[in-house]
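Everything on this sheet refers to the single structure shown next.
The values are calculated or read from the model by the stated rules, or taken from the named source; none is laboratory data. Just so it is clear, the structure is predicted and the values come from calculations on it, not from any experiment. No Cβ is skipped: glycine too gets one built from the backbone with ideal geometry, and neighbour counts run over all protein chains shown. Each accessible area value is taken on the protein alone, full model and side chains, heavy atoms only, with ligands, DNA and RNA left out. Shrake-Rupley method; radii C 1.70, N 1.55, O 1.52, S 1.80 Å.
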Amino acid sequence: MPTFFRRTLLALAMLGATANAALAQDSVKVFAAGSLAGPLTVLAKQFSASTGATVDVVFGPSGLLLERIEQGENADVFASANMAHPQQLAREGKALPARVFTRNSVCVLSRPELQLNPQNLLDKLLDPGVRIGTSTPQADPGGDYAWLLFAKAGEIRPGAKELLEAKAQQLVGGRHSPAVPAGRDPVKYFLEQKQVDAFIGYCSSRQTVADTAFPKVALPSELAITADFGLTVLNRHAGSHDAAYRFALFLLTPEAQQTLAAYGFSPL
């Protein structure tokens, strides 16, 4: 049994069986990667409906959420777009060992006139006339994955890494990212405004219905990137954390994994 499961179940056993009435008085504050907004919003409501516990989810770039936790902001559960950030909190003694709870892949969203497909993807990205958007490295794992893609491209074609890094516009996920109108999806907004022709992001979506306005293309096998999303429970004083452990375990259930899959994530 993985360490995360062992320690979590041990904590639950020590806390004892909690009646629903007691659990209903608890609240869980979740810090979660912005790419999880679609499924986690649904799952938080389901958990609240079945347990009575209040779930408050704060979405944002995982790197910036990590900084907020390290600076002392309270959170009970951290669902990150990588493993490195929750593992760092565990090393610092602030959280339980991290556990992969879902996986994602990297895709490229593009304007339809680009006629992008897996076969021409690298040629198109290297085209001097094609503008590329990415998330912000370090602040947002999505940006780190884009830079990993550039490194893989450089292994296939000498000079590609440097060219792609130089032309990439870091438009989302940073402290000072360009403003986007309220309620608008940033990636689609920049594509609609023709600021970029292609955006390197996740294959998952914030909705279950496919958006056909901007084709989403998976990376060819030689460039493919799988992103492990990490989950951890933050250390808090005993007796107040039952709902947090339960919510973390809930995300690992087959039902929750099916919901994640509906939004384009790869279930465990």
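For the chain, the solvent-accessible area works out to 46 Å² per residue, with a probe of 1.4 Å and every protein chain left in place. Rounded, prolate or oblate, given the Cα gyration tensor of the stretch 59-98, with a/c below 1.5 counting as rounded? Judged from the Cα gyration tensor, the stretch 59-98 comes out oblate (a/c at least 1.5, b/c at or above a/b). Each label was represented as a point 7 Å from its Cα along the Cα-to-Cβ direction; for V42 and R91 these points are 3.5 nm apart.
Across the stretch 140-237, the relative contact order, built from alpha-carbon pairs under 8 Å that are at least six residues apart, equals 27 percent. Each residue, R68 and S177, gets one label point 7 Å from its Cα in the Cβ direction; the gap between the two is 1.3 nm. Ranked by solvent-accessible area (1.4 Å probe, protein heavy atoms only, all chains present), the residues S110, S266, S221 order from largest to smallest as S221, S266, S110.
Using amide H atoms built 1.01 Å from N in the peptide plane, name the residues 5+ places from Q169, or on other chains, whose amide H lies under 5 Å from its own. Sorted by chain and number, the residues that satisfy this are I132, G133, T134.
Exposed loop positions in the chain were taken to be GluC sites (Glu not before Pro) whose DSSP state is not H, G, I, E or B and which have at most 15 other beta-carbon atoms within 10 angstrom. Between these positions, the longest stretch is 93-221. Multiplying the residue separation of E255 and Q169 by 0.36 nm and subtracting their alpha-carbon distance yields 27.2 nm. For the chain, the longest principal axis of the Cα atoms and the long axis of helix 3-15 meet at an angle of about 30 degrees. For the chain, the relative contact order is 30 percent, taking Cα pairs closer than 8 Å that sit 6 or more residues apart in sequence and dividing their mean separation by the residue count. Here the 3J(HN,Hα) profile of the stretch 27-37, calculated from phi with Karplus coefficients 6.51, -1.76 and 1.60 at θ = phi - 60°, is 9, 10, 9, 10, 9, 9, 4, x, 5, 8, 4 Hz, Gly and Pro shown as x. Helix content alone sets the calculated 222 nm mean residue ellipticity of the chain: runs of n ≥ 4 DSSP H residues at -39500 (n - 2.57) each, divided across all residues, give -11000 deg cm²/dmol. For the pair the stretch 193-268 and the stretch 142-180, the centres of their Cα atoms are 21 angstrom apart. Charged side chains reduced to their Cβ positions (Lys and Arg at +1, Asp and Glu at -1) give the chain a dipole of some 180 debye around its Cα centre.
From the square roots a ≥ b ≥ c of the eigenvalues of the alpha-carbon gyration tensor of the stretch 38-129, which class results: rounded (a/c under 1.5), prolate (a/b over b/c), or oblate? Note, shape of the stretch 38-129 comes out prolate. Within the set [x] 18.6; [y] 14.8; [z] 12.4, the number that mean projected area of the Cα convex hull in nm² takes when calculated for this structure is listed as [y].
For D56, the residues whose modelled amide H falls within less than 5 Å of its own, excluding neighbours fewer than 5 places apart on the same chain, are V28, K29, V30.
DSSP beta bridges fully contained in the chain are about 55 percent antiparallel. Nonpolar atom fraction for the chain, defined as the carbon and sulfur part of the 1.4 Å probe accessible area, stands at 52 percent.
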